[in-house]
Amino acid sequence: MSLCVLPDFAGVELDKVPAQLDSLLDEARAEIAKLETADLEQLLGRLEALDDRIDKFWSVISHLNGVMNSPELREVYAECQPKLTAYGNEVGQNRALYDQAEALASSDIKLSPEQRTGLEHLLRDFRLAGVALEGEAKERFKAIRLRLSELSTTFQNQVLDATQGWFKHVTDAAELAGVPESALEGYADAAKAKELDGYVISLDVPAYLPVMQYAENRELRREHYEAYGTRASDQGPKAGEWDNSAVMVEILQLRAELAQILGYANYAEVSLAPKMAESPQRVMDFLRELAEKSLPRARAEFDELKAFAANKGCSDLQAWDVPFYSEQLRTERYAISQEELKPYFPAETVQEGLFKVTGQLFGITYERDESADLWHEDARCYHLLRDGEPVATVYTDLFARANKRGGAWMANFCGRREVNGENQLPVAFVTCNFTPPTSKRPSLLTHSDVTTLFHEFGHALHHMLTQVNVLAVSGINGVAWDAVELPSQLLENWCWQPEVIPMISAHYETGQPLPEDMLQKLLAAKNFQSGLQMVRQLEFALFDMQLHARPAPQTADEIQTLLDSVRSEVAVYPVPAFNRFQHGFSHIFAGGYAAGYYSYKWAELLSADVFSRFAEEGVMSRELGQEFVDKLLSRGGSADPMQLFRDFRGRDPQLEPLLRDAGILEDAA
């Protein structure tokens, strides 16, 4: 039997949310007090029920805050977040509850392997929450956690405000020479929405990228690059407005102090405690090994780009020229551009193809729920079925719009767990920011957008196809942070398979799939500038790890100095002095990736190795797809991720598949 519980968005009354949360947390505190002396056999089940209630309540508010942000919602979110943090501190530092958990762990009460793993995670999290602290240290720890929660929200809000606080109004179409018609239509619609003539270009990525890649007007590119690269900082056209400088410094200082209170040398060690990686040094060694093998390729690619740009009349290639001349070089070399590909990838077709691919691989079907309660007309709800029986639900929200957080992400409303003999089914959200439909055509995706959708849906499938009935380790719950990207990065591989492209492409006017000649050009261009892309990610990861593995900075200038140092080590083209990338680096300051950004590269290593088996045995093999579900995808956080990898791959991970997939292997040999 299964139990499907869906979020009630229409029932949210913002003015009542704080009081509702107070009531919910008071009830939880009363239940916690009972658990301090309760029968040990009931401990895990009753804790799970509490977590489930709170998660379901808050996930709706958190989701709306990301996709339908408003001053009223922001105020409610800011009022409620500290209450949740305070509650988390109370539970995490509840010594009586910790003693109960330890007593259960040492008792002879029979627990399932999944329950045993969940209990081990619970004890670990108690220790990381400062359960052993006393007196002043305990109170200071609570205060730090509360303040960090506030600062994280502030950082994210200021990035959103800075992104929406600047736009370029253009009345002369000649200034936009080279920009594709599809982008111009979007700019024109944006102008109409502001009751302006001509065109309006925002800093939302779907509007920003076409300027950087196609605008012949170099000054326009520089202006946009500066506005985007200085968001929420002390530089650029909005210098000082929404400035995250002091926020970053305080976050890093508080994280360092928190680590010290817990007895760790630095916050990187705290971050790695629940992860696969052994130490900050081991992470940096891994990143530098990748850099050593990738830098020759990256330098050669940049030298080639400089020569190409010089031949086109640009002898002083700058950061705002790189996307423009890269796209020109790609187009000349492979006779293919992202813009030419877009008509073949309407968002609706891509999503239908994604459902076909994952359905065939994993034995599931999708059924749209037309009656579902939704937060916006762009959103959709689908139920996943296996043999006609429901197994999960996913909501999608694919297009960029005002008051929606940028980027792409997966989140969840609830996870799988057993409730009175029934299985509560998991519910996931997949959110992207693709170019919305215009008044003249549907939403058309670049191939990069296609891989983004597959990536986020890989996260969702990890959560939804779980067979674990213990909430703490079902789906994405309890999965080591540096393993959680494996399924998402793995699914990207199917976007490049010749047998899959016809399933996910159809020209929006003719219905024809991507022609064979364009497919071959797309595949040939797969590893275009892969070295440059690799070292860019390594730059972010090394910066993040070093930032958290050393003494906290006293000023924002020290953060800049460290970033400059990392760039001198692994970057291959100069970044202008005004660039303030770190001020908008939400992953590490607001998104949970602090001392964890390296996980993208670590998981990419694992996913490339996993996919190499599909490449050997059949990329659309139903049998292999099921084996992947059985041995890895469905296991959630219930077992050691390295053991799950070995169970499927039959050995430890190797670096070669990643380097080969990126086209770097021959350079590294």
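The values are calculated or read from the model by the stated rules, or taken from the named source; none is laboratory data. Just so you know, these numbers come straight off a predicted model, no measurement behind them. Heads up, the Cβs are rebuilt from the backbone with ideal geometry, glycines too, and the neighbour counts pull from every protein chain shown. In case anyone asks, the SASA skips ligands and DNA or RNA and just uses the protein heavy atoms, side chains included. Shrake-Rupley method; radii C 1.70, N 1.55, O 1.52, S 1.80 Å.
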Next item on the list: Would you mind working out the magnitude of the charge dipole of the range 155-254 relative to its Cα centre, with +1 at each Lys and Arg C-beta and -1 at each Asp and Glu C-beta, to the nearest 20 Debye?
Entry: 160 debye
Next item on the list: Please report how far the C-alpha centroid of the range 605-669 lies from that of the range 206-261, rounded to the nearest whole angstrom.
Entry: 36 Å
Margin query: Charges on Cβ only, +1 for Lys and Arg, -1 for Asp and Glu, centred on the Cα centroid of the chain; of Leu196, Pro296, Leu519, which one is farthest towards the dipole's positive end?
Written below: Pro296
Check: Accessible area of Arg140, 1.4 Å probe, to the nearest 10 Å²?
Finding: 100 Å²
Notebook entry, point to check: Per-residue accessible area for Asp378 at 1.4 Å probe radius, Å² rounded to 10?
Noted result: 40 Å²
Margin query: Output wanted: per-residue J couplings in Hz (rounded whole) for the range 249-255, from phi through Karplus 6.51 cos²θ - 1.76 cosθ + 1.60, θ = phi - 60°, x for Gly and Pro.
Written below: 4, 5, 4, 5, 5, 5, 4
Margin query: Please report the net charge: other residues with Cβ closer than 11 Å to the Cβ of Arg218, K and R +1, D and E -1.
Written below: -3
Notebook entry, point to check: Accessible area of Lys16, 1.4 Å probe, to the nearest 10 Å²?
Noted result: 90 Å²
Check: Using alpha-carbon pairs under 8 Å, 6+ residues apart, how would you state the relative contact order of the range 201-250 in percent?
Finding: 21 percent
Checklist line | Nearest-20 debye value, the range 104-181 charge dipole, Cβ charges on Lys, Arg, Asp, Glu | finding: 520 debye
Margin query: How many angstrom lie between the Cα centre of the range 417-434 and the Cα centre of the range 83-122?
Written below: 23 Å
Item checked: Given 11 as the ceiling on other Cβ atoms within 10 Å, longest exposed-site-free region of the chain for GluC sites (Glu not before Pro) in DSSP loops -> 510-669
Margin query: Rolling a 1.4 Å sphere over the protein heavy atoms, what is the accessible area per residue of the range 411-455, to the nearest Å²?
Written below: 31 Å²
Note to self: Full-extension gain between Leu128 and Glu27, please, as 0.36 nm times their residue separation minus the C-alpha to C-alpha distance.
What the structure shows: 33.9 nm
Margin query: Below 8 Å between Cα atoms, with a sequence gap of 6+, how large is the relative contact order for the chain in percent?
Written below: 17 percent
Checklist line | Loop trypsin sites (Lys or Arg not before Pro), the range 263-336, which have at most 16 other Cβ atoms in a 10 Å radius of their Cβ (DSSP) | finding: Lys312
Check: With each label point set 7 Å from Cα along the Cα-Cβ vector, what nm distance links Ser106 and Asp373?
Finding: 4.6 nm
Next item on the list: For Ile61, Ile109, give the ranking by accessible area with the largest first, probe 1.4 Å.
Entry: Ile109, Ile61
Margin query: Taking the 0 to 90 degree range and rounding to the nearest ten, how far is the long axis of helix 113-128 tilted relative to the main principal axis of the chain, both from C-alpha atoms?
Written below: 80 degrees
Checklist line | Centre separation in Å (Cα based) which lies between the range 439-486 and the range 5-35 | finding: 28 Å
Item checked: Selection from Leu123, Pro237, Leu258 lying farthest towards where the dipole of the range 118-265 points positive, charges on Cβ -> Leu123
Next item on the list: Find the Cα radius of gyration of the chain, compare it with 2.2 N^0.38 Å by division, and give the number to two decimals.
Entry: 0.95
Next item on the list: Past 32 Å, Cα to Cα, is the threshold; run Lys56/Lys238; Lys138/Lys275; Lys142/Lys275; Lys56/Lys168; Lys34/Lys83 against it and keep the listed order.
Entry: Lys56/Lys238; Lys56/Lys168
Checklist line | Spin-label pair Arg401/Ser448, simplified geometry with 7 Å Cα→Cβ offset, distance in nm | finding: 2.5 nm
Check: Using alpha carbons only, how many degrees (0 to 90, rounded to 10) separate the axis of helix 43-67 from the longest principal axis of the chain?
Finding: 30 degrees
Checklist line | At R0 = 45 Å, FRET efficiency that the Cβ-Cβ distance of Glu219 and Glu352 yields, to 0.05 | finding: 0.60
Item checked: Within the chain, helix-based [θ] at 222 nm, where runs of 4 or more DSSP H residues each add -39,500 (n - 2.57), nearest 500 -> -18000 deg cm²/dmol
Next item on the list: Would you list, by chain and number, the lysines whose Cα falls below 22 Å from the Cα of Lys306, excluding same-chain residues fewer than 8 positions away?
Entry: Lys293, Lys526
Notebook entry, point to check: Ignoring ligands, DNA and RNA, how do Met1, Met212, Met518 rank by accessible area with a 1.4 Å probe, largest first?
Noted result: Met1, Met518, Met212
Checklist line | All aspartates and glutamates inside 13 Å of Lys440 as judged from Cα atoms, apart from same-chain residues fewer than 8 positions distant | finding: Glu181, Glu185, Asp189, Glu509
Note to self: Taking the 0 to 90 degree range and rounding to the nearest ten, how far is the long axis of helix 17-35 tilted relative to the main principal axis of the chain, both from C-alpha atoms?
What the structure shows: 40 degrees
Checklist line | Unit charges on C-beta of K, R, D, E only; dipole of the chain, Debye | finding: 700 debye
Item checked: For Pro323, net neighbour charge (Lys/Arg +1, Asp/Glu -1) across residues whose Cβ lies under 11 Å away -> 0
Check: Which order do Asp285, Asp387 take by accessible area at a 1.4 Å probe, largest first?
Finding: Asp387, Asp285
